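Asks: Submitted below is the structure of interest, expressed as structure tokens.
The values are calculated or read from the model by the stated rules, or taken from the named source; none is laboratory data. These numbers come from a predicted model, not from an experiment. Here the Cβ is made from the backbone with ideal geometry for all residues, glycine too, and neighbour counts use every protein chain on show. Each accessible area value is taken on the protein alone, full model and side chains, heavy atoms only, with ligands, DNA and RNA left out. Shrake-Rupley method; radii C 1.70, N 1.55, O 1.52, S 1.80 Å.
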Amino acid sequence: MLVGVAAASAATLALTGCIQSQRSDDGGDSAAPSDVDSTFVFAASSDPSGLDPAFASDGETFRISRQIFEGLVGVEPGTADPAPLLATEWTSNDEGTSYTFTLQEGVTFHDGSEFDAEAVCANFDRWYNWTGLTATESLSYYYGSLFGGFAGDENALYESCSADDASTATVNLTRPFSGFIAALSLPAFSMQSPTALEEYGADDVGGSEEAPEYSEYGEAHPTGTGPFVFESWSPGSEVVLSANPDYWGEQGQVQEIVFRVIDEPTARRQALEAGDIDGYDLVAPADTAALEDAGFNVMQRDPFTILYLGMNQTVPELQDPLVREAIAHAIDREALVTQVLPEGTEVASQFIPPVVNGYNDSVTDYEYDPERARELLAEAGYEDGLELQFNYPVNISRPYMPNPEEIFSALSSQLEEVGITVEPVSDEWTDYLDRMRGTDDHGIHLLGWTGDYNDTDNFVGVFFNGYSNEWGFENEELFSALTEARQIPDPEEAATAYEAINEQIAEFIPGIPLAHPAPSLAFDPRVTSYPASPVNDEVFNMIELSE
């Protein structure tokens, strides 16, 4: 059952014509013209966390994954809506517990092995049977959040998969999940070569939840069906991919991709200006006008993001709802958006963007009121002030958080104005995510989300569907409400349920929704078309180049 339509039509590079289909009608290739430099250099803001998308939840890893891997379900270009990809179509039973997928024929993985129904089932069974470190929040974040658990878990959503014939696979669920098809568009659920997974020990992950060590597969042998093949990864420097000569779809002009790691926004801008890169994401708000004036192509995606100030309720002070409400009243979101965040950013009142099904127009909101914040702190016993750890990442830009250091600075000043002293604790991005998801060693913190598909569950369900290290609270009423809502097949009924849930979250105050930032990209003038997507589903075989 498909829910909602993303308002994302403006996410296309302004100078382009219509976006072409990612797949050619006849499955043929289009060779790159000889007079076009077919190497596309894109500046990444960080290394990928690894090369196995099943163990990832960050945008830089997924950007690379989308070039190498494909899922049963893709995304309609320019929207957040699901569309056929490795599955040409699918049907479900009346109960919404069994889905039969008809598969593309003649598709091979990069290692030459066949993509077929047996491969589909091998991937589903792999996720379901993870144990130990592979079944932890810091690694299998998406599967654990959306599929309810693993083999033997009472709440596991997945039941079984059968290969009915080579081109037909049926997946059975233990209960309905209205977002199942849309969720399969996530890179985390890409189809990977069972042969390569076994040969290179994909699940042989070492280390700890706080500092996982990826397998040989996850570091050097990612094997999918996509238009680009992995060539090399030099950590801290670059990832190189080459065009897949046996790709079943349209190969496009780009024959080589170099993802060059440039973690500092100013350095990315300078690299573009110097002609060292062809484009980059997460343009600093202060740079957009200057780049446009200099003749570079600058565009904004429509906001499909949420930036929030999270609160870890394993911290005793944050268990007090009076303290959480005081923090909410201490934050001036309008000033944050105006002074720090990119043009086009919208102030947030809840943890989903306004275009998402289930948005509540009358949700309880906490207006900026420093005096009320001081009163609440005094009522909670902190009339002489309160000290909290404030965690934030450094040397990173995310679509929902383009400049974390500046955001931290602005919010710290607002909190200190009402008597809340912050202890700043910063980490590099991968360490930061490991701290948030793998430990309870954090206090108030900056994080956010870029929506993966247009469904409330993809936002609040991911955040609050059960206990997590990030939030540190038990709220069975909220957990149960989310579990029930995600099983409602009718979109209108689901919207009503999610409106009530968004009010429930607002009253509970697990964190402060701050803003819906509008991410910007910038390109060299030779990039005449770029497949911009509100959910970052941007596959580089669709890029059009000129000299």
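Asks: For the charge dipole of the range 148-249, defined by +1 on Lys and Arg C-beta atoms and -1 on Asp and Glu C-beta atoms about the Cα centroid, which residue among 220, 188, 205 has the Cα displaced farthest towards the positive pole?
Replies: Selected residue: 188.
Asks: Then there is this: Using the Karplus curve 6.51 cos²θ - 1.76 cosθ + 1.60 with θ = phi - 60°, what ³J(HN,Hα) values do you get for each residue of the range 330-346, in whole Hz, with x for Gly and Pro?
Replies: Here the 3J(HN,Hα) series is 7, 8, 9, 5, 4, 5, 4, 5, 5, 8, 10, 9, x, 4, x, 5, 10 Hz.
Asks: When the accessible area of the chain is split by element with a 1.4 Å probe, what percent falls to carbon and sulfur?
Replies: Details: 8390 of 19320 Å².
Answer for the chain is 43 percent, counting heavy atoms of protein chains only.
Asks: Please give the peptides 221-228, 374-381, 134-141 ranked by average Cβ packing (other Cβ atoms within 10 Å per residue), highest first, as a rough proxy for protection.
Replies: The most tightly packed comes first, giving 221-228, 134-141, 374-381.
Asks: 5 Å is the cut-off here: which amide hydrogens, built 1.01 Å from N in the peptide plane, fall below it relative to residue 238, excluding neighbours closer than 5 in sequence?
Replies: Correct list: 261.
Asks: Could you grab the relative contact order for the chain? Cα pairs under 8 Å, six or more apart, rounded to a whole percent.
Replies: 23 percent
Asks: Taking Rh as the Kirkwood radius computed over C-alpha pairs, what is the Stokes-Einstein D of the range 284-441 at 37 °C in a medium of viscosity 0.692 mPa s, expressed in µm² per second?
Replies: 190 µm²/s
Asks: What's the angle, to the nearest 10 degrees (0 to 90), between helix 491-508's Cα axis and the longest principal axis of the chain?
Replies: With rounding to tens, the tilt is 40 degrees.
Asks: Also, quick follow-up: Short version: ³J(HN,Hα) in whole Hz for each residue of the range 285-295, in order, from phi by Karplus 6.51 cos²θ - 1.76 cosθ + 1.60 (θ = phi - 60°), x for Gly and Pro, what are they?
Replies: Computed from phi, the couplings for the range 285-295 are x, 6, 9, 4, 5, 5, 5, 4, 4, 8, x Hz.
Asks: Kindly express, to the nearest 10 degrees and within the range 0 to 90, the angle between helix 59-68's C-alpha long axis and the longest C-alpha principal axis of the chain.
Replies: 10 degrees
Asks: May I ask you to derive the relative contact order of the range 78-222, considering only C-alpha pairs under 8 Å and at least 6 residues apart, and to give it as an integer percent?
Replies: 25 percent
Asks: For the peptides 501-508, 205-212, what is the packing order when you average, over each peptide's residues, the other Cβ atoms within 10 Å and list the highest mean first?
Replies: In descending order of packing, they fall as 501-508, 205-212.
Asks: About the Cα centre of the range 288-411, what is the dipole size in debye to 20, counting +1 per Lys and Arg Cβ and -1 per Asp and Glu Cβ, all else neutral?
Replies: Details: 6 positive and 22 negative charges, 110 e Å.
With only Lys, Arg, Asp and Glu charged at Cβ, the dipole is about 520 debye.
Asks: In what order, largest first, do 262, 396 sit by accessible area if the probe radius is 1.4 Å?
Replies: The residues order as 262, 396, largest area first.
Asks: Could you tell me the accessible area of residue 547 in Å² (1.4 Å probe, neighbours in place), rounded to the nearest ten?
Replies: 140 Å²
Asks: Output needed for the chain: three equivalent-ellipsoid semi-axes, defined as square roots of 5 times the C-alpha gyration tensor eigenvalues, in descending order, whole Å.
Replies: 36, 29, 21
Asks: Let me have the relative contact order for the range 392-530, percent, based on Cα pairs under 8 Å that are six or more residues apart.
Replies: 23 percent
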